[in-house]
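What follows is a set of notes on a single structure, which appears directly below.
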Amino acid sequence: MKITRIETIPVRVPLKAEFAIRAGRGGSHIVSPFLLVKVHTDEGIVGIGEASCTPRWSGEDQVTGAHLIHTYLEPLLVGEDPTMVEELTKKFRLAFAENYFTKAAVEMALWDIAGKAAGKPVYELFGGKVREFVPTKWSVSGLEPEKAAGIAKWAVAQGFKAMKVKVGIEPDGDVERVQAVRQAVGAGIKLGVDANGGWTPEAAVNTIERLCAFGICFAEQPVPPEDIALMAGVRKKSRVPLIADESIYTLQDAKTLAVLGAADVISIYVGKAGGLGPARKIAGFAESVGLKCTLGSNLELGVGSAAMVHLALASRGITAEEFPCDIIGPLFYEDDIVREPLPIKPGEARANDKPGLGVELDEEKVERYRVK
Ligand SMILES: [Mg+2]
């Protein structure tokens with residue numbers, strides 16, 4: 001089997017208005033301008049991928065993604081056997097620097113082809129399931145306390161037993177929001193916070209300490225990602241585990257975090273890592289040095305979410321029972337671009353046990369949301 005061409009499709013899919021995300025440094029998320037990818041082969045098998053690119057995160061958008069794919073990756077991949085995923089990933093890792101979400105979209109499409117060709121779901125290619133479903137948590141936007149509490153109550157009613165609250169906006173307001181959420185959901189719900197790098201080191205230490213009164217069980221990316229030493233300093237004074245998110249994209253970043261003792265948990269994304277293969281290597285590394293892992297989210301659509309489920313189902317290093325994953329993207333949208341929705345329900349994410357990623361694009365919806 002040979003790759004014949006790569007197709008890229010820019011889409012804009014709106015979030016449900018009530019779930020639009022307001023967060024610290026990461027800004028707001030109201031619509032998802034993502035890039036879909038189709039890798040075509042001479043045997044008629046088409047692999048699909050999704051770049052959940054957000055420029056404020058990684059500097060990529062749907063225009064840069066399409067440009068890099070068609071200019072650099074397509075010439076490298078056409079004529080190659082798509083099932084040689086590890087070899088092809090190595091090739092295109094070197095084609096241009098960074099732009100991991102773009103690379104991940106093509107890489108997940110290769111796994112989709114490999115699975116379809118073998119007649120097996122991707123998690124089987126990864127060695128099989130280590131869990132029947134992936135425990136997930138909800139994410140409460142950084143809104144006024146009453147509104148945040150309302151959303152948290154809704155999430156519990158849906159079935160979520162864990163959630164994180166966006167903080168890092170302003171310490172007093174952050175504390176009021178978490179307090180309101182805790183009062184609304186009661187003591188039985190696992191509650192963490194995600195500052196998206198919005199606190200100074202001092203504010204982080206003080207605010208995390210204040211938030212311990214409301215039983216938080218982790219603090220995610222308390223300080224800006226650029227200086228890992230800052231986070232190591234905060235961790236020394238934190239009574240709860242710190243999750244690194246914006247601080248870690250690659251295996252090398254994971255090593256730096258481990259060496260500096262800057263985090264207890266790594267938030268892996270298929271996109272940040274540059275694909276499922278690199279993401280699995282990070283999870284394996286974390287397992288080997290005693291770090292925990294969860295999966296974070298850019299509110300992936302059905303294709304990107306499917307990739308996350310396969311990764312978490314087959315990776316022991318992703319300690320989802322202790323730190324539930326953010327495989328919740330599809331719940332944020334009125335509509336998705338896949339034909340059969342993923343079996344993702346509040347608190348539990350499962351895969352479609354079909355070959356490849358187990359999802360197919362709904363071409364009518366792809367056309368509806370295509371950027372013309
Ligand atoms: Mg985060």
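Close amide H contacts of GLY356 (hydrogens built in the peptide plane, cut-off under 5 Å, sequence separation of 5 or more or a different chain): GLY115, LYS116, LYS120, VAL122. Rolling a 1.4 Å probe over the protein heavy atoms of the chain, with every protein chain left in place, gives an accessible area that is 52 percent carbon and sulfur.
Spin-label model, LYS354 to VAL63: label points 7 Å out along the Cα-to-beta-carbon direction sit 3.5 nm apart. Cα centroids of the range 239-255 and the range 279-305: how far apart, whole angstrom? Measuring centre to centre over Cα atoms gives 11 Å.
About its Cα centre, the dipole of the chain is roughly 660 debye, where the only charges are +1 on Lys and Arg Cβ and -1 on Asp and Glu Cβ. Compute the helix-to-body angle for 100-118: its Cα long axis versus the longest principal axis of the chain, expressed 0 to 90° and rounded to tens. Between helix and principal axis, roughly 60 degrees. Calculated accessible area for the range 125-349 comes out at 34 Å² per residue, all protein chains present (probe 1.4 Å; ligands, DNA, RNA ignored).
Taking the charge dipole of the chain about its Cα centre, with +1 at Lys and Arg Cβ atoms and -1 at Asp and Glu Cβ atoms, the residue from GLY358, VAL85, GLY127 reaching farthest to the positive side is GLY127.
Label positions at ALA118 and GLU18, each projected 7 Å from the Cα along the C-beta direction, are separated by 4.2 nm. Estimated at 0.36 nm per residue, the fully extended path between GLU321 and SER288 surpasses their Cα-Cα distance by 10.1 nm. Where Rh is the Kirkwood radius over the Cα pairs of the chain, the temperature 20 °C and the viscosity 1.002 mPa s, what D in µm²/s does Stokes-Einstein return? After rounding, the answer is 105 µm²/s. Judged by the mean number of other Cβ atoms found within 10 Å, the most tightly packed of the peptides 218-226, 52-60 leads the ranking 218-226, 52-60. Take the Cα of LYS90, step 7 Å toward its Cβ, do the same at CYS217, and the gap between the two points is 4.1 nm. The slack between GLU334 and GLU144, meaning 0.36 nm per residue of separation minus the straight C-alpha distance, is 66.0 nm. Rounded to whole numbers, the Karplus 3J(HN,Hα) couplings from phi for the range 342-349 are 5, x, 10, 10, x, x, 9, 10 Hz, using 6.51 cos²θ - 1.76 cosθ + 1.60 with θ = phi - 60°, and x at Gly and Pro.
The values are calculated or read from the model by the stated rules, or taken from the named source; none is laboratory data. Being a predicted model, the structure only gives us computed values, none of them experimental. Every residue, glycine among them, receives a Cβ derived from its backbone with ideal geometry; neighbour counts consider all protein chains shown. These area figures cover heavy atoms from the full protein model, side chains too; ligands, DNA and RNA do not enter into them. Shrake-Rupley method; radii C 1.70, N 1.55, O 1.52, S 1.80 Å.
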